[in-house]
Structures are given as structure tokens and as C-alpha cells.
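Heads up: the structure comes next, in C-alpha cells.
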Amino acid sequence: QVQLVESGGGLVQPGGSLRLSCAASGSIFSRVAMGWYRQTPGKQRELVAIIISGGITNYADSVKGRFTISRDNAKNTVYLQMNSLKPEDTAVYYCRTLYTSPIYWGQGTQVTVSS
């Protein structure tokens, strides 16, 4: 059983920054690829960034150059550093495991970008 708990969301002005954290329980964390997703009302959940073995990362085109995903296996935590935030980044952000069965999701953290 893996539990994921996100934190770090909030209200920020356009151009600002936030860092999201996803703390995971369970000893398998260091071997599990992780991803950040986001969802706005009425839309499907979309992939934002992933980090797989060896620290390889990939990003949605909409966040490339602005967001950075990283992980600290010693702390069982994956991060999403979000810079140059735009109003269209407003969403609930979720972390999840990748390539596991079952797939585990966190409960989500709200990010609102508004002046």
C-alpha cells in the first residue's frame, strides 16, 4: 500500500512561483516512477511532468522551461517547482505513481494563479 500526500498549493500572482511536494509512504518509492497531473473543472486530468529511473524527466509542452520535477528518495518525496506561473496554470495538482498496479494518486492540492 502506498499513500501519497501533496502539499504546497495556494494562491499566487501571475509570474510568481510555488513548489509542490508529494510525500510518499512505503519502501518502494525509490524504485517507482512518479508524475504530476493537473485538472480543472470540466476538463480531463492532464499530465504535467514525469520523473523515471535515473532521474529522466519529461514535461508537457505548456510547462516546459517553467516547471521542474525532482525527487529526494531519502525523503520519499517528489517535488514540482513551478515558476513564471500563469492564470492558465490554475488547477488541482495531483501526484501519482507510474507503471504500478494499482496506480496510486494523492488527494490533490489547489493552485490558483490570480492577481
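The values are calculated or read from the model by the stated rules, or taken from the named source; none is laboratory data. Computed from a predicted structure; not experimentally measured. We place every Cβ from the backbone using ideal geometry, glycine too, and count neighbours over all the protein chains shown. We work out accessible area using only protein heavy atoms, side chains counted, and drop any ligands, DNA or RNA first. Shrake-Rupley method; radii C 1.70, N 1.55, O 1.52, S 1.80 Å.
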Restricted to region 42-64 and to residues being of a type outside the set (A, V, I, L, M) and in contact with a helix residue (DSSP H, G or I) (Cβ under 9 Å, 6 or more places away or on another chain), the residue least open to solvent (accessible area, probe 1.4 Å) is 62
Within region 83-102, the residues that are out of contact with any strand residue (DSSP E or B) (no Cβ under 6 Å at 6 or more places or on another chain), farther than 15 Å from residue 63 by Cα and open to solvent by 80 Å² or more (accessible area, probe 1.4 Å) are 101
Of the residues in region 37-48, those that are touching a residue at least 24 places away in the same chain (Cβ under 8 Å) and more than 15 Å from residue 99 (Cβ to Cβ) number 5
Going through region 57-78 in order, the residues found to be closer than 22 Å to residue 40 by Cβ and outside any loop (DSSP other than H, G, I, E, B) are 58, 59, 67, 68, 69, 78
Every listed condition ((1) open to solvent by 30 Å² or more (accessible area, probe 1.4 Å); (2) more than 20 Å from residue 40 (Cβ to Cβ); (3) in a strand (DSSP E or B)) holds for residue 112 save (2)
Here the qualifying pairs (Cβ atoms under 6 Å; residues six or more apart or on different chains; first in region 49-78 and under 12 Å from residue 35 (Cα atoms); second open to solvent by less than 60 Å² (accessible area, probe 1.4 Å) and small (Gly, Ala, Ser)) come out as 50/35; 52/33; 59/49; 69/49; 77/21; 77/23
Those residues of region 98-112 that are farther than 14 Å from residue 21 by Cα and either under 14 Å from the mean Cα position of the chain (by Cα) or of a type in the set (Gly, Ala, Ser) (or both) come to a total of 3
Among residues of region 1-21 being more than 16 Å from residue 67 (Cα to Cα), open to solvent by less than 30 Å² (accessible area, probe 1.4 Å) and aliphatic (A, V, I, L, M), the residue modelled with the lowest pLDDT is 2
Log entry, pairs with first residue in region 23-34 being in contact (Cβ under 8 Å) with a residue 40 or more places away in the chain and part of a loop (DSSP other than H, G, I, E, B), second being open to solvent by 60 Å² or more (accessible area, probe 1.4 Å) and among the polar types (S, T, N, Q), beta carbons closer than 7 Å, six or more apart or on different chains, reads 25/3; 26/1
Of (1) over 28 Å from residue 114 (Cβ atoms); (2) assigned to a strand (DSSP E or B); (3) not charged (D, E, K, R), residue 1 satisfies every one except (2)
